[in-house]
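Taking it in order: structure first as structure tokens, then the write-up.
Readers should treat all values here as calculations from the given coordinates under stated rules, not as data from a laboratory. The structure presented is a predicted model; accordingly, all values stated were derived computationally and were not measured. Every residue, glycine among them, receives a Cβ derived from its backbone with ideal geometry; neighbour counts consider all protein chains shown.
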């Protein structure tokens, strides 16, 4: 019997919670992701306890925090869940300038709304980009945002998925070709980390054990990979920023209502 049995879980956020780039083999163009995998584990817990379980995922790639703590949060509250994972702000942090204190203030207001409704909250920190090449420049922002999230959680009794501290996802094999989103294996590890954050046992007890190291690629191969990444992923991302558009502008949530798994 688990320490706690949640029955109505709603995930809100951006591409991280939508599940990119953990491809769904049953639905071309769709993704699974850590939140879906967490929901599967919570559903199994509920089944073992003989109670129903339902899950909704309102996250959409490219969405900034205003959408997460605005439209998505309102929709989540209307569903009367007992657990909400809220992960937003990553796309705001990528902008040339961002007020991290204001960002934290909006997240805290959203947590207060959820907790006042009797809902358990799962937040998630950014990862530590110390070994992430160009993204290493974001480390001070990620560190400050992580500290703010832990402070908010301590004030209001929220759970924290500590991506900053996960050793296993520092391996590039845990990331997709775009170098921004987790691979399938990365999402599996993060789902286990989420279970641990909620006080539940992970599916794999070795979820945070780093993979065996692999020999570095030859210099020429590394250069080819960097050029491919710049052409295939970085350039389109920059073009969208210049046009003030997002890859999720025309998309709706993949799981807009609470339904059984």
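Observations
- Packing here is the average count of other Cβ atoms within 10 Å per residue, and on that basis the peptides 123-136, 56-69, highest first, run 56-69, 123-136.
- Considering helices alone, the calculated mean residue ellipticity of the chain at 222 nm is -11500 deg cm²/dmol, with DSSP H runs of length four and up weighted by -39500 (n - 2.57) and normalised per residue.
- With both labels modelled 7 Å from their Cα along Cα-to-Cβ, the residue 208 to residue 134 distance reads 3.1 nm.
- Using the Cβ-Cβ distance between residue 116 and residue 154 with R0 set to 25 Å, the FRET efficiency works out to roughly 0.90.
- Cα long-axis angle, helix 34-48 against the chain (0 to 90 degrees, to the nearest 10): 30
- Principal-axis analysis of the Cα atoms of the chain puts helix 139-156 at an angle of about 10° to the longest axis.
- Angle of helix 219-229 to the longest C-alpha principal axis of the chain, folded into 0 to 90 degrees and rounded to 10: 60°.
- Label-zone membership for region 176-206, site residue 251, 7 angstrom Cα→C-beta point, backbone N under 14 Å: 178, 180-182
- Computed over the chain, the convex hull of the alpha-carbon atoms projects to a mean area of 14.1 nm².
- Stretching residue 147 away from residue 49 to a fully extended chain increases their span by 31.7 nm, per 0.36 nm per residue minus the current alpha-carbon distance.
- Relative packing of 98-104, 40-46, which averages over residues the other C-beta atoms within 10 Å, highest first: 40-46, 98-104
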